[in-house]
Structures are given as structure tokens and as C-alpha cells.
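*Asks:* Quick one: structure below, then a few questions.
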Amino acid sequence: MHMKKTMEEELWEYLDGVLPSAEQQRISSLIEEMPEWKEKYGELLELSASLKKVSLDEPSLRFTKNVMEEIARTRIAPATKNYINRRIIGGIGIFFASLLTAILVYGFSQMEFSSTADSSFTGKISQLDFSKFFNNDLVNVFMMINVVLGLVLLDNYLTGKRKQFRKQA
């Protein structure tokens, strides 16, 4: 499968000298005969000459070592435990716990505690109409946030216990 090359690609190959002699002759005749080929060849010849003039600076032999030494001298940021205020986190936890308690109190206040044939607590729960309480999107979102935060707190607690256990062992 032979793909057709663009004029620019052919001219670059001509400039680089990677073409067979028959192709070089064909392109040199195109440059002489066709003005757009001649113009493009002149542009690419100038660009090639300017690229050859550019010299790339090489880094010193100790460049990597110098960079690594400079990084070692910088102060490393402290762990997050050092700059997170535990009082703020505790306050947020207390706020959500009290809000969850308020929602539960509200939910239980919606229950009817009348004496019926089935006066057990499970019987009352089965008679409770939860649709009154959980039909609000805001309440549902809040409950989901509380569940996620509760799981995060449980994870932190269990991680701390595991670290203490490993230190003791």
C-alpha cells in the first residue's frame, strides 16, 4: 500500500538526501519547472539552514545530581495530621451527630403510640408510614451524607486501632 506523499514531504526527503537518484532527478526537475515547488523548496532550504545554526545546550554532567541536591534542601510539607485542627473536625462531627439525632427524634415523633392489638415496638414500626418522613429529597441527601461520614469515621477509628495493634505486636 503506497501512500501519496505531499510536496513538502518529498522536498524534505530531497533536502535530506534520502531519495534514490531517479526520485532526486524527478524532484529537481519539478523544482526547476514549477514555481510553487521552487518557492516551497526555497522556504524549506531557509528553514533547514536556520535549524542547522541552532545549537542545543547540553546540561552539565552533574545536572541531575544538582537538581536532586536542591530538592533535598527544600523543606518537605508536614503530614496532614499536623495542620488539620482536630477541634474543627470534632465540631463538624458533633454537628452532624446532633442533626442526625434531631432527624431521628422527628421521625419517632411522627409515630402514633396508640394502644392497638399489637402493642409491641416491632408492631408499631411495621405500622409506621415512612413515606411521610423520607419523601423529601433534602432529607434523603442528608441521610446519605451522614451514612458516608459515619463510614469514614468508622474507617478512621478502625485504622487507628489496627496501627496500635501493630505497634504492640
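The values are calculated or read from the model by the stated rules, or taken from the named source; none is laboratory data. Note that this is a predicted model, so its numbers are computed, not measured. Glycine also receives a Cβ, built like all others from the backbone with ideal geometry; neighbour counts cover every protein chain displayed.
*Asks:* Scan region 5-25 for residues that are in contact with a helix residue (DSSP H, G or I) (Cβ under 9 Å, 6 or more places away or on another chain) and in a helix (DSSP H, G or I) and jot them down.
*Replies:* Answer for region 5-25, where residues must be in contact with a helix residue (DSSP H, G or I) (Cβ under 9 Å, 6 or more places away or on another chain) and in a helix (DSSP H, G or I): 7, 8, 10, 11, 12, 13, 14, 15, 16, 23, 24.
*Asks:* Name the residue, out of 42, 91, that is closer than 30 Å to residue 157 by Cα and either modelled with pLDDT of 80 or more or of a type outside the set (D, E, K, R) (or both). Outline the logic, then answer.
*Replies:* Details: 42 fails: closer than 30 Å to residue 157 by Cα.
Testing whether each residue is closer than 30 Å to residue 157 by Cα and either modelled with pLDDT of 80 or more or of a type outside the set (D, E, K, R) (or both) leaves just 91.
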